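Q: First the structure, which I've put down as structure tokens, then a few questions once you've had a look.
The values are calculated or read from the model by the stated rules, or taken from the named source; none is laboratory data. All values derive from a computational prediction rather than experimental measurement. Neighbour counts run over all protein chains shown; Cβ positions are idealised from the backbone, glycine included. The area values use the complete protein model at the heavy-atom level, side chains included, leaving out ligands, DNA and RNA. Shrake-Rupley method; radii C 1.70, N 1.55, O 1.52, S 1.80 Å.
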Amino acid sequence: MVVTPQTLFTGQQLVWLPACPSTNTEAQALIVQNRASEGCTVITDFQSAGRGQRGNRWEGAPAENLMLSVVWQPTFLAAAQQFQLSQAVALGVHDWAATLLGADPKLKLKWPNDLYYGDQKFGGILIENTLSGPKIQYSIIGIGLNVNQQSFAVPTATSLSQITGRAYDRAAVTARLLECLERRYLQLRAGQVGPLRQAYLQALYRYQEVHSFLVDGQEVRGQIVGVEEDGRLAVAIGNELHRFGLQEIRYL
């Protein structure tokens with residue numbers, strides 16, 4: 001696949017693999033071998049052991065979707081600021097989808113960083129950070145996006161092609177994604193944390209809406225009211241504000 005993004009560094013070093021277990025694993029190997037410059041991007045047609053959030057697997061049909069990992073060096077961020085990077089990446093993916101779908105109100109980011117259309121998922125992100133003292137040394141940004149796939153094993157998944165009824169040139173949409181990602185990363189590097197946070201909340205799935213959640217095995221009704229600096233989800237349940245980590249709450 002020939003991808004030529006109009007970027008300063010993201011995707012300028014491109015490694016394409018017909019198939020691999022995981023692009024994140026391949027990117028990590030390049031870092032260990034000191035062969036990954038900032039923005040190095042590993043792309044594959046098929047992952048046999050792609051990883052998702054909560055230890056889940058990310059599965060996709062061969063040569064139909066977009067599966068890649070980007071290496072960044074956000075040494076300007078402290079370990080405690082990891083969620084700022086997560087927000088920037090999620091917004092880059094959301095921006096990418098918006099360039100293809102327009103300002104569609106169904107296009108949302110499900111906390112912490114899944115891409116949703118209505119109540120269906122069509123993109124996932126897995127960020128793996130390497131720390132050096134109090135700072136982030138490297139970040140591997142793993143992204144899987146359903147582009148041209150037409151059928152899924154679960155009804156809660158969809159793709160760009162299913163949403164719009166057309167097929168996409170994967171090289172072209174990959175270049176566009178890398179451009180959108182770098183734009184948000186540069187915004188973060190410039191210290192524009194407030195605007196990123198506001199944009200993230202505006203795109204957040206079920207934000208300020210009352211819905212059902214599963215907490216400690218019990219169904220509760222609550223309203224997402226924000227996201228903490230450390231990435232915990234702030235949910236108003238009854239008259240109390242609760243803050244949840246990734247494993248502590250599930251959407252129903």
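Q: Under the condition of being touching a residue at least 60 places away in the same chain (Cβ under 8 Å) and touching a Ser or Thr at 6+ places or on another chain (Cβ under 7 Å), which residue from region 152-179 is farthest from VAL89 (Cα to Cα)?
A: Top of the filtered list is TYR168.
Q: Please state which one of GLN192, GLN149 is touching a Ser or Thr at 6+ places or on another chain (Cβ under 6 Å) and over 17 Å from ASP114 (Cα atoms). Don't jump to the end; show me each part of the working.
A: Numbers: GLN192 fails: touching a Ser or Thr at 6+ places or on another chain (Cβ under 6 Å).
Checking each option against the conditions leaves just GLN149.
Q: Then there's this: Let me confirm something: among ALA171, ALA167, which residue is over 20 Å from the mean Cα position of the chain (by Cα) and at pLDDT 95 or above? Explain how you work it out, then say what you get.
A: Details: ALA171 fails: over 20 Å from the mean Cα position of the chain (by Cα).
ALA167 is the lone residue from the list that is over 20 Å from the mean Cα position of the chain (by Cα) and at pLDDT 95 or above.
Q: For the condition of a type outside the set (Val, Ile, Thr), modelled with pLDDT under 95 and touching a Gly at 6+ places or on another chain (Cβ under 8 Å), what is the one hit in GLN82, GLN53, GLN12?
A: On the way: GLN82 fails: modelled with pLDDT under 95; GLN12 fails: modelled with pLDDT under 95.
Answer to the selection: GLN53.
Q: Of everything in region 88-106, what is open to solvent by 10 Å² or more (accessible area, probe 1.4 Å) and touching a residue at least 12 places away in the same chain (Cβ under 8 Å)? Give them in sequence order.
A: If the condition is that a residue be open to solvent by 10 Å² or more (accessible area, probe 1.4 Å) and touching a residue at least 12 places away in the same chain (Cβ under 8 Å), then HIS94, ASP95, THR99, LEU100, LEU101, ASP104, LYS106 are the ones that fit.
Q: Would you check if GLN33 is at pLDDT 95 or above, open to solvent by 60 Å² or more (accessible area, probe 1.4 Å) and closer than 20 Å to ARG170 by Cβ?
A: no
Q: What is the number of the single condition among (1) surrounded by fewer than 18 Cβ atoms within 10 Å (Cβ to Cβ); (2) in a loop (DSSP other than H, G, I, E, B) that TRP16 does not meet?
A: Unmet for TRP16, out of (1) surrounded by fewer than 18 Cβ atoms within 10 Å (Cβ to Cβ); (2) in a loop (DSSP other than H, G, I, E, B): (2).
Q: Which residues, taken from region 229-252, are within 21 Å of TYR116 (Cβ to Cβ) and either touching a Lys or Arg at 6+ places or on another chain (Cβ under 8 Å) or open to solvent by less than 20 Å² (accessible area, probe 1.4 Å) (or both)?
A: Listed by number, the residues that qualify are GLY231, ARG232, LEU233, ALA234, VAL235, PHE244, GLY245, LEU246, GLN247, ILE249, TYR251.
Q: If you don't mind, there's one more thing I want to ask. If I ask for residues that are assigned to a helix (DSSP H, G or I) and surrounded by fewer than 20 Cβ atoms within 10 Å (Cβ to Cβ), which ones from region 180-195 would you list?
A: Within region 180-195, ARG183, LEU186, GLN187, ARG189, VAL193, GLY194, PRO195 meet the criteria.
Q: If you check LEU188 against the conditions, is it over 19 Å from LYS110 (Cα atoms), touching a residue at least 24 places away in the same chain (Cβ under 8 Å) and not acidic (Asp, Glu)?
A: Judged against the criteria, LEU188 is a match.
Q: Same structure, new question: So which residues in region 196-214 are in a helix (DSSP H, G or I) and in contact (Cβ under 8 Å) with a residue 60 or more places away in the chain?
A: Residues satisfying the conditions are LEU196, ARG197, ALA199, TYR200, ALA203.
Q: How many residues, within region 141-179, are in contact with a helix residue (DSSP H, G or I) (Cβ under 8 Å, 6 or more places away or on another chain), more than 13 Å from ALA97 (Cα to Cα) and surrounded by fewer than 18 Cβ atoms within 10 Å (Cβ to Cβ)?
A: Total satisfying the criteria: 2.
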